[in-house]
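Contents: one structure, followed by commentary.
The values are calculated or read from the model by the stated rules, or taken from the named source; none is laboratory data. The structure presented is a predicted model; accordingly, all values stated were derived computationally and were not measured. So basically every Cβ, Gly included, is an ideal-geometry build from the backbone, and we count neighbours across all protein chains shown. When the accessible area is computed, the model is the full protein with side chains, heavy atoms only, and any ligands, DNA or RNA have been set aside. Shrake-Rupley method; radii C 1.70, N 1.55, O 1.52, S 1.80 Å.
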Amino acid sequence: MARSSRAIRRIGILTGGGDCPGLNAVIRAVAKSAMNVHGVEVFGIRDAFRGFVEGDGKLLGYGDVSGILTQGGTILGTSNKHNPFHFPVVRKKVSHLHLALGGEVRNEDATPVFRDMTRALLANARRWRLDACVLLGGDGTMNIGMKLSTLGLPVVGVPKTIDNDLAETDVTFGYDTAVACVTDAVDRIHSTAMSHHRVMVIETMGRYAGWIALKAGVAGGGDIILIPEIPYDLGKVVSKVTERSKTGRRFSIVVVAEGARPKKGTMTVERTVADSHDPIRLGGVGAKLADDIEKASGLETRYTILGHLQRGGCPTAYDRALATRFGHHAMALVAAGRFGRMVCLKGDAVTSVPIAKAVARLKLVPRNHPLIQAAKALGTSFGV
Ligand code: F6P
């Protein structure tokens, strides 16, 4: 989108998609830069596009954004279900006979229907007198932001996801904290694996990209690392744990990303969430793999699913600093009228790219990534 000719007096800010450590640090950086440097007011929109469509938000004061640098989660709330172009509107399904007999309207009677609610969203933007919006989110939020900017809403994006799978940025904030959390878990599992002489499978997040499993697997000294980008051969996994056991290393650590799949198989889907813009929820590959390994090798095997633990807690120092730079840069883009862009990290520089470029593809782990090469040289198996 072209440079704005209007002066920016007030911006909206929202956090969309799954939460991650560092969101509050970005909110703080955007808001403090806006207030201190640019004399711009900041309006916080609650629960992402849910609040934008339903008119739920408030003007943020300095006190709202003080003391939140180190807090996990998001003070604004988030949602990965409310796409304004395909917005779930609840329609109650209740029969008159049911009501006549004294029945109540229960939640399970409600089925969502989906509507384009962008007119309501744009009306709220006008009502709140927003000159621009800063959107903190992953590919889903960026896609929505790009479409909203074509409808005339000036937006700037800030890339967030623990999965680190957004293209056009070397790293997203939240990823480093998730890696630290998983590495700590692998360390803890290591000691119990050694004591009991077991195979321990640790399932991490990472739907389509295995960045978390790869980095934490290497940092935690995992013996086998399985990621979505490299479909595994169960036979190779079993021979690795068997060989370790026979040569006196009587335990093995397997780090598996939730999106990993066997060569001739599919991803393990836990459930689908109909009203989400990415409806598939993965989970369970760790349990399946542990069962397969135990049956094929005869070695006692346990599994642990780390799940949402990876998204919680205080951001690491790296994520706090990155989030601060990202938020500050996002506000500079807004002030310069450079809309339709996403902040990104390239090498040591914080810069920006068109949002359209960032959402054009996912950033997957290349099969020849230096970390994979180093791990392989040290004897780590990738199940192939
Ligand atoms: O995109 C981040 C992510 O953490 C994925 O790795 C995971 O599959 C998903 O979010 C889980 O989302 P939810 O909060 O809906 O369970």
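Determine, yes or no, whether residue 272 is farther than 18 Å from residue 197 by Cα and either within 15 Å of the ligand (Cβ to nearest atom) or aliphatic (A, V, I, L, M) (or both). Judged against the criteria, residue 272 is a match. Against the definition (open to solvent by less than 50 Å² (accessible area, probe 1.4 Å), aliphatic (A, V, I, L, M) and touching a residue at least 12 places away in the same chain (Cβ under 8 Å)), how does residue 273 come out, yes or no? Yes: the conditions hold for residue 273. Scanning the range 346-384 for residues that are under 20 Å from the mean Cα position of the chain (by Cα) and either without any contact (Cβ under 8 Å) to a residue 12 or more places away in the chain or within 30 Å of residue 231 (Cβ to Cβ) (or both) yields 357, 358, 359, 360, 361, 362, 363, 364, 365, 366. Name the residues in the range 112-123 that are touching a helix residue (DSSP H, G or I) at 6+ places or on another chain (Cβ under 6 Å) and outside any loop (DSSP other than H, G, I, E, B), would you? Across the range 112-123, the qualifying residues are 120, 121.
Could you list, ordered by first residue, the pairs with Cβ atoms under 7 Å in which the first is in the range 156-173 and in contact (Cβ under 8 Å) with a residue 24 or more places away in the chain and open to solvent by less than 10 Å² (accessible area, probe 1.4 Å) and the second is of a type in the set (Asp, Glu) and away from the ligand (no atom under 12 Å from the Cβ), at least 6 apart or interchain? Matching pairs, first to second residue: 173/319.
Residue 249 meets each of the listed conditions (1) in contact with a strand residue (DSSP E or B) (Cβ under 7 Å, 6 or more places away or on another chain); (2) farther than 23 Å from residue 16 by Cβ; (3) away from the ligand (no atom under 12 Å from the Cβ); (4) not polar (S, T, N, Q) apart from (1).
Number of residues in the range 193-242 that are open to solvent by less than 10 Å² (accessible area, probe 1.4 Å) and part of a helix (DSSP H, G or I): the value is 8.
Quick check on the range 148-178: of everything there that is assigned to a strand (DSSP E or B) and within 17 Å of residue 49 (Cα to Cα), which residue is farthest from the chain's Cα centre (by Cα)? Working first, answer last.
The first filter runs over the range 148-178 and keeps only residues assigned to a strand (DSSP E or B), leaving 155-160, 166, 173.
Filter once more, keeping what is within 17 Å of residue 49 (Cα to Cα): 155-160.
Values: 155: 20, 156: 18, 157: 14, 158: 12, 159: 9, 160: 6 Å.
The qualifying residue farthest from the chain's Cα centre (by Cα) is 155.
When residue 183 is tested against (1) over 25 Å from residue 321 (Cβ atoms); (2) away from the ligand (no atom under 14 Å from the Cβ); (3) not charged (D, E, K, R), just one condition goes unmet, and that condition is (1).
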